[in-house]
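Encoded as structure tokens, the structure appears first; notes follow it.
Bear in mind these aren't lab numbers, they're just calculated from the coordinates by the rules spelled out. Owing to the predicted nature of the structure, the values given are computational and were not obtained by experimental measurement. With ideal geometry, Cβ positions are generated from the backbone for all residues, glycine too; neighbour counts draw on all protein chains shown.
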Amino acid sequence: MIRAALILLLLSIAPLSAQTTDQPQSTIAVEDSATQDAAIAVRIRDILGELEGFDGVTVSVSSGIVTLRGTTVDATTATRLNDLVGRIEGVVAIENNVTETTDVVARLNPAVERFQARIAQGIALLPLVAVALAVFALVLLIGVLLARLRYPWDRIAPNAFIANIYRQIVRMVFFVSGLVIALDILGATALLGTILGAAGIVGLAIGFAVRDTVENFIASIMLSIRQPFRPNDIVEIEGDVGRVIRLTSRATILLSFDGNHIRIPNATVFKSRIVNFSTNHERRFDFEIGVASDAELASVRHLAETAVSDLPFVLQEPAPMTWIERIGDGAVFLTVTGWIDQRETSLVRAKGEALRLVKASVEAAGIEVPDTTYRIQMIGGAPVGPVAPSATPAPVEKPIPAPVPAMDVEDTSEAALDKLVEAERNDPEAPDLLTDDAPKE
């Protein structure tokens, strides 16, 4: 059974090997001619003599069967013999016994010859390469000089940042144009597709690696085109409040009211909610004041609104307002509001001064402003014997404070911050993308 299986396996393999052998498919003649065999051998030797790599191959022909012996530099060269010999008329079959040589010198000689040929070809192309390089340098120089011009880039761009982007695009266009012209002179324009493909793959990989940087760069372009704030504006971004110092290509710099620098990435600024307190010159302040629960609340409201309205730094339009906010422990709380021109008045000082004078007006009208703070006081220990009832102390009347005129609320602290911001903005080594001419959202 085993022998029969092996015979069947060999029979199934034999046709496959016969089909894969590269042999001539021409009709075999009936007559055997020694003269034809000799002519076939001479013809094959003449052909191999004109080709490189077949010096070590010998040819013999008998009854139309060509036998090849010897060595070649590589296996590919030996395989080519079947295609070459099979095209000769009268060849019946091919016995290719050619092997790959193991001689180191024979294997290295073709490589050395190819290297020498390429050096000679390169030397011959040196004048053409020089012309191509000169044309490339000339085109690139024109692009660089054109990009350095202030006009028209500074005129058509909304700010210096966008103008620099235009200049970079011009340089890149002229660089690619010079490269295409130089390769065309050298007859190697096909190489450009390979270069651009490799550059695209490298650019894609770099883009994924520096995704945050690219996002900040794009956000910088959008913020510089449609500026949501101006230099020295008071803004709130992601909970940070301060004056705007500058907008760079990567971040927005704020100066907080306590003098600290706050650096926020432009991608965060672009996606965040921005509160600009400087867009409107008028700004509202508000505070709470508590009065006794038995007070006449309508009178308290009138007193508070009158006190705020009489302040010289408070605007009459929009008018001050007061409303009952909530009922707390031991007091009723009212919210008092007023408007100021923040170009001339400090918000925090105006709020503090208004609170002081409203409290003085309420107390001058005999309305108690209670202290809602709980105090626990532990004095001594528990008494041993019976405790005699103590007389209730007589209430002590507090003197009613006299009204005090409003104090100066000039914006001196914020003026000092303005000087710090101006000093920061005048730093020549710190570029700024904010301009007063750009459209503002």
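Put simply, the amide H of Ile65, placed in the peptide plane, has neighbours under 5 Å in Val92, Ala93, leaving out anything fewer than 5 places away on its chain.
Which of Ile44, Ile221 comes first, and how do the rest follow, when ranked by fewest Cβ neighbours within 10 Å?
Numbers: Ile44 22, Ile221 16.
Going from sparsest to densest Cβ surroundings: Ile221, Ile44.
Taking amide hydrogens as placed 1.01 Å from N in the peptide plane, the amide H of Gly70 sits under 5 Å from those of Thr58, Thr99, each at least 5 positions away in sequence or on another chain. With contacts taken as Cα pairs under 8 Å at a separation of at least 6 residues, region 126-209 carries a relative contact order of 37 percent. Is the shape of region 126-209 rounded, prolate or oblate, going by the alpha carbon gyration tensor and its root eigenvalues a ≥ b ≥ c, with a/c under 1.5 for rounded and a/b larger than b/c for prolate? Oblate shape, in that a/c is at least 1.5 and b/c is the bigger or equal ratio. For Phe257 and Lys419, the FRET efficiency from 1/(1 + (r/R0)^6), where r spans their Cβ atoms and R0 equals 22 Å, is about 0.95.
R0 = 22 Å: FRET efficiency of Ala198 with Ser177, Cβ-based, nearest 0.05? Each step should come with its number before you reach the end.
Numbers: r = 19 Å, r/R0 = 0.87.
The calculated FRET efficiency here is 0.70.
Pick out, in residue order, every one of the trypsin sites (Lys or Arg not before Pro) in region 268-334 that is DSSP loop and has at most 15 other C-beta atoms within 10 Å; say none if there are none. The partial results should precede the final answer.
Values: sites: Lys271, Arg273, Arg283, Arg284, Arg301, Arg326; in loops: Arg273.
Those that pass, being in a loop and sparsely packed, are Arg273.
Here the spin labels are modelled as points 7 Å beyond Cα on the Cα-Cβ line, and at Ile264 and Gln121 they lie 6.2 nm apart. Taken one residue at a time, the phi angles of region 129-134 give Karplus couplings (6.51, -1.76, 1.60, θ = phi - 60°) of 5, 4, 5, 4, 5, 5 Hz. Gly and Pro are set to x.
Is region 280-371 rounded, prolate or oblate when judged by the Cα gyration tensor, a ≥ b ≥ c being the square roots of its eigenvalues, rounded requiring a/c under 1.5 and prolate requiring a/b larger than b/c? Note, shape of region 280-371 comes out prolate. List residues of region 241-284, by number, whose backbone nitrogen lies under 16 Å from a label position 7 Å along Cα→C-beta of Asn164. Residues 246-253, 266 fall inside that zone.
Computed extension gain for Leu146 through Asn97, at 0.36 nm per residue and net of the alpha carbon distance, reaches 10.8 nm. The GluC sites (Glu not before Pro) of region 33-92 that meet both conditions, a loop assignment by DSSP and at most 16 other Cβ atoms within 10 Å of the site Cβ, are Glu52, Glu89. Sequentially through region 218-233, phi angles give Karplus couplings (6.51, -1.76, 1.60; θ = phi - 60°) of 5, 4, 5, 4, 5, 5, 6, 6, 10, 6, x, 8, 10, x, 6, 5 Hz, Gly and Pro residues having no value and appearing as x. How high is the FRET efficiency from Arg343 to Ala188, r the C-beta distance, R0 51 Å, rounded to 0.05? Once the sixth-power term is evaluated, E becomes 0.15. Sorting Thr72, Thr35, Thr194 by the number of Cβ atoms found within 10 Å of their own Cβ, with the fewest placed first, yields Thr35, Thr194, Thr72.
Taking label points 7 Å from Cα along the Cα-to-Cβ direction, Arg226 and Glu288 give a separation of 3.9 nm.
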